Structures are given as structure tokens and as C-alpha cells.
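Just below is one structure, and these are the notes that go with it.
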Amino acid sequence: MRSNPLALAACVVALHIWNAAAPPRRPALEGAGMSPTAARAALDRSREALRAGRLDEAFAVTEQLQAAFPSSHVYLAQLASIAHEQGRPEAEAQYWERFLEVAPVRVEACPAIGQAYDRAGRRSEALGAYERCLSFDPDHPDSLFFLGRALERMGRFEEARVRYERGTTLAPDYPDLQIGLARAELRLGNIQEAVRRAEAAVSRWPDNSDALLAAGLSCRSAGRSKEARRFLERGQDRAPGDCDFPLVLGGIDETEGRGAEALRDYERALACDPQDDAARGKVARLKGRRD
């Protein structure tokens, strides 16, 4: 599996900071026969392997270090980070769980632990992880955002709105919180409030595709199709890989009687995401009308 060089670099930088205290003190008590000199050499090998993208080697060496120093949160964090790069979200989540048992600052596992559960398709565990993260620091904007997004994805829009609103109070310059709040208002049927918040987000972050999508959806729900189209087309230009834009534009075109344009939009959405059954059904339906 190809690794992400930027993510690896970020991991290495983080480990450089964490490892100011590594290898752990008192090796005679829990070093399982590994001397401080040997531990330092092993740590250097794992770092070098990580920098070079040799993930299996980095993992094996770090696993030896963690076995020798089982109460070290440093090695557990490194194992979680490597598991992330290897595309093993279940393993990553479990290493973060063990990290939480021994780390002096548990919030350092956040939001990675919840994201790992998300990638593993375990939404209820992800939600629980985000709730725990918020309990570590109830005023942490990132934790409020990730918990709000998890609740939103589960259809718990009022609870999501409460978290997003709290987050915007604490961090008014955090775009994802502002956009999330606009989405939650829209899903709760507060159309005008959603429009107001989404348009304000676009005004502050004009190239943010999530803000443009929220503004497009909100304006469409408010019956302002011209403005909705403007936001959506701009968003499609900014994020051509976002499959939502052609799908929503197709809905507007179809509602306004432009069947050919709608079919083109839906085909674009299906090409963007060949697994999208909704787009496939819309393409088949419009093609059936033409035949």
C-alpha cells in the first residue's frame, strides 16, 4: 500500500516532540531486558524506517519497544499512527484505546480515535469515542465539531445543532463549525436561518466547497434556484471531485424542466461515484423517458 508522504511527515514531527521523554524512564523496572541504549537505538531505527516509508519495519521495531515498555504512551501513539498509514483502522483504534489507558494527556488521541472507528465502519463506537474526547475537554472546538458531525450523520440533527452552536460560540473563526450549524438548521427545517448562516460562511470563506454546497442546498430549499445554481456551479469548479454538486444541480435542472441538462448532470455524478445507486437510478429514469 502506498503511504501518504505528508501524513508520514506529520507523524514524524509529532513523534519527535513526543519522544523528548522516550525511551521511558526506569527501564530496569519495565524494560524486559532492553537497556536504555538499546531502546534508543531501536527508536532511531523505527523513526528512520517511518521516514523512509518502510511501514512494516517501523511497526515491528515499535512493537518490540512497546512490549518492553508497556506503560509508554509514546510507543502506543506511534503504533496507532503506523497502523493508520497501513490502512488498518481497527488496529489503529485499539492502539488509541490502549493509549487512553496510560497517556497523561488523553485528548492527544483525539480526534484520531474516533476517525479510526469511522474508517472501520463502526459508527456507534466512533460516536462514543467523540463523546469521550469532548469529556476530556468540554470546550475543545475540534471535539465539538467531530461529535456534531457524527450526530449529524446519524440523523440526530438537534443534538448536532447544539454541539455546532456551542462550537461557534467558542471558535467563531472555525469554518467547519459554522457550516455544520448551517447544515443542521437546514435538516431541522429552519430554512431561512440555514440560508443566513450558509451565505455568511461563503462570504467569509468564498472558496470553501462545503460552504458553497450548504449555501446551494439552503437556497434551493428556500426556492431561490438562481442563487442555488450560482453557489453549486462555483462549488463544482472549486471541488470537481465532489460528487454532490452535479447530483444537486441535476435535481434543479430536472425540476425546472431541463431534462437534457439534468441527464448530463446525473451522468457526471455517476461517473464521479459509480457506486451511487441514486445517480444510477436517475440516469436510467431520464434515459427511459427519451427512449
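Derivation of every value follows stated rules applied to the coordinates shown; laboratory data play no part. These numbers were taken from a predicted model, which means no experiment stands behind them. Counting neighbours? That spans all protein chains shown, and the Cβs are built from the backbone with ideal geometry, glycine included.
Here are the numbers:
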quantity	calculated
Fraction of the pair-distance distribution of the stretch 94-146 above 16 Å, Cα-Cα pairs, percent	32 percent
Spherically averaged projected area of the stretch 125-175 from its Cα convex hull (nm²)	3.1 nm²
Interatomic Cα distance distribution for the stretch 110-220, bins of 10 angstrom, percent	17, 45, 31, 7
Anisotropy class of the stretch 162-234 from Cα gyration tensor, a/c 1.5 cut	oblate
Helix runs (DSSP H) in the chain reaching 15 Å along axis by Cα, Kyte-Doolittle at least -0.5	5-18, 55-68, 73-85, 123-136, 141-153, 175-187, 191-204, 209-221, 244-255, 259-272
Long-range Cα-Cα pairs in the chain (distance over 28 Å), rounded percent	52 percent
Dipole magnitude (debye, nearest 20) for the stretch 244-291, charges at Cβ of Lys, Arg, Asp, Glu	260 debye
Kirkwood Rh and Cα Rg combined as Rg/Rh, the stretch 244-291	0.93
